[in-house]
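**Q** Shown below is the structure under consideration.
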Amino acid sequence: MRKSYLIQTEPLPRKARITIRAFLFPIFAETFSLAKILIIRFSSIGDLVLTTPIIRCVKQQAENAEVHYITKKQFAPVLENNPHIDKLHTIEKSVSEVSTILRKENFDFVVDLHHNLRSAQVKSALRKPSQSFRKLNIEKWLMVNLRINKLPNLHIVDRYFETVKPLGVKNDGNGLDYFIPKNDEVDLKTLPAEFQNGYIGFVIGAKFFTKQMPAEKIISICKKINLPVVLLGGKEDYEKGEKILSSAGKNIFNACGKFNINQSASLVKQAKKIITHDTGLMHIASAFKKEIISVWGNTIPEFGMFPYLPNTNSKILEVPNLSCRPCSKLGHSTCPKGHFRCMKEINEAEIISQIML
């Protein structure tokens, strides 16, 4: 039976000045007007994409609001073309690199969507009113270690909106954003001829081994699809892509490591459908309302990071009733049990039937 997950949306409220509600500071009866807001999220690709509804709604629902964002420099390309961000601040490693600059900005409010030691350092340096995202670490620990499910039936995006609720900002229901710079739009005429009239995008990598289907399983799926398939991923996925290419036949184009993140997003945007693991390009596909077949290994959709408002024909695939799953809230370099059933037993026929619809 296909699972359903609750996604909360609310209509766009009447445009008004963004405010800090009195209940945030109960000793004050008045409301404070806001002008300059800092949003914090340092990593990674998918996590940044999941914050884009917050960026948009804060910008659009706040009259004359100036929205700043701080992240790691390596992930800046994900956000640098976002029109709702007035200024993007980046760090290599340490908050101290930008502390002086941030203090000079004199922010009115800080939205902490990372809630870790580094974001605490930012808030400590600025000493401004702030609200932090609750990460549910205890609930995730209970699920991973004791199989006790205390997780809310909410997507992480909707939980992000709890962070800005005191500001009067509500979810507009328009999903995720991804803005590709014009010079990174990939002209499909530059691809081999057989891929210029449409293809299936297959995201073959993920940060952790236990989030990825083995190359042999991907090869088997690609052979059965019998359609042009573009393999998507980073430089670290190139060798795996070459292995798939050499075994799966002429319908495969290995794009892994040949395109930057924005160019890869362009290939996702132009794909007919996307097969993907639980990784950043899955969320980028959601931003483009693609039909997504998401394949889940050691992580579970119940953690709240399943595709957010994608094409309505999207499908979540996982191996049900595995007592060892989830084995981590993130992932492992090898299967802790040694059998890797969560990926090896994924139903290939379901993927093929979804692609052929």
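Laboratory data are not the source of any read-out in this text; all were calculated from the coordinates shown. Everything numeric here is computed off the predicted structure, so don't read it as measured data. Because the Cβ atoms are built from the backbone with ideal geometry, glycine has one as well, and the counts that use them run over all protein chains shown.
**Q** What number, in percent, do you get for the relative contact order of the chain if the mean sequence gap of Cα pairs under 8 Å and at least 6 apart is divided by its residue count?
**A** Values: 699 pairs, mean separation 60.2, N = 357.
Here the relative contact order equals 17 percent.
**Q** Moving to a separate point now. Give the angle, between 0 and 90 degrees and rounded to the nearest 10, that separates the Cα long axis of helix 261-270 from the longest principal axis of the Cα atoms of the chain.
**A** Tilt of helix 261-270: around 60 degrees.
**Q** Work out how much length K87 to D187 would gain on full extension: take 0.36 nm times their residue separation and subtract the Cα-Cα distance, in nm to one decimal.
**A** 33.0 nm
**Q** Based only on other Cβ atoms within 10 Å, what is the fewest-to-most ordering of I37, I225?
**A** I225, I37
**Q** So which aspartates and glutamates pass the test for K224, namely a Cα distance under 15 Å, with those fewer than 8 places away in the same chain ruled out?
**A** K224 reaches E216, E348, E350.
**Q** Quote to one decimal, in nm, the extra length available between E242 and E216 on full extension: 0.36 nm per residue of separation minus the C-alpha distance between them.
**A** That pair, E242 and E216, stretches by 8.1 nm at full extension.
**Q** Positive end of the dipole of the chain, charges at C-beta (+1 Lys, Arg; -1 Asp, Glu), about the Cα centre: which of G175, P83, F161 has its Cα farthest in that direction?
**A** The one lying farthest along the dipole's positive direction is F161.
**Q** Still on this model: Residue farthest toward the positive end of the dipole of region 19-167, with Cβ of Lys/Arg at +1 and Asp/Glu at -1: which of A120, Q131, N145?
**A** Highest projection toward the positive end goes to N145.
**Q** Sticking with this one: Using the Cα centre as the reference, give the magnitude of the dipole from point charges on the C-beta atoms of the chain (Lys, Arg: +1; Asp, Glu: -1; all else neutral), rounded to the nearest 20 debye.
**A** 540 debye
**Q** Now a separate question. Based on DSSP loop calls and a cut-off of at most 12 other Cβ atoms within 10 Å, the longest stretch of the chain free of exposed GluC sites (Glu not before Pro) is what?
**A** 93-357
**Q** Another question about this same structure. Looking at (i) 15.4; (ii) 17.7; (iii) 18.8, which value of mean projected area of the Cα convex hull in nm² comes from a calculation on the structure shown?
**A** Of the listed options (i) 15.4; (ii) 17.7; (iii) 18.8, (iii) comes from this structure.
**Q** Follow-up question, since we're still on this one. Straight-line reach from K337: which aspartates and glutamates fall under 16 Å, measuring Cα to Cα and dropping same-chain residues less than 8 apart?
**A** Result set, ordered by chain and number: E345.
**Q** Suppose R0 equals 25 Å. What FRET efficiency, 1/(1 + (r/R0)^6) with r the Cβ-Cβ distance, do K223 and N174 give to the nearest 0.05?
**A** 0.05
**Q** Considering only DSSP beta bridges whose two residues both sit in the chain, what percent are antiparallel, to the nearest 5?
**A** So the antiparallel bridges amount to about 5 percent of the total.
**Q** Sticking with this one: Excluding residues on the same chain fewer than 8 positions from K36, give the aspartates and glutamates whose Cα lies under 18 Å from its Cα.
**A** Those aspartates and glutamates meeting the cut-off are E63, E66, D86, E105, D108, D112.
**Q** Here's something else I'd like to know. How would H332, H155 line up from fewest to most surrounding beta-carbon atoms within 10 angstrom?
**A** H332, H155
**Q** Let me ask something else about it. So for region 19-167: antiparallel DSSP bridges make up what percent, rounded to the nearest 5?
**A** The antiparallel fraction comes to roughly 10 percent.
**Q** Give the Debye-formula value of log10 I(q)/I(0) at each listed q (0.21, 0.22 Å⁻¹), with one equal scatterer per alpha carbon of region 208-331, two decimals each.
**A** Reported log10 I(q)/I(0), two decimals: -1.36, -1.45.
**Q** Order by neighbour count: S333, S264, fewest other Cβ atoms within 10 Å first, most last.
**A** Ranked by crowding around the Cβ, least crowded first: S333, S264.
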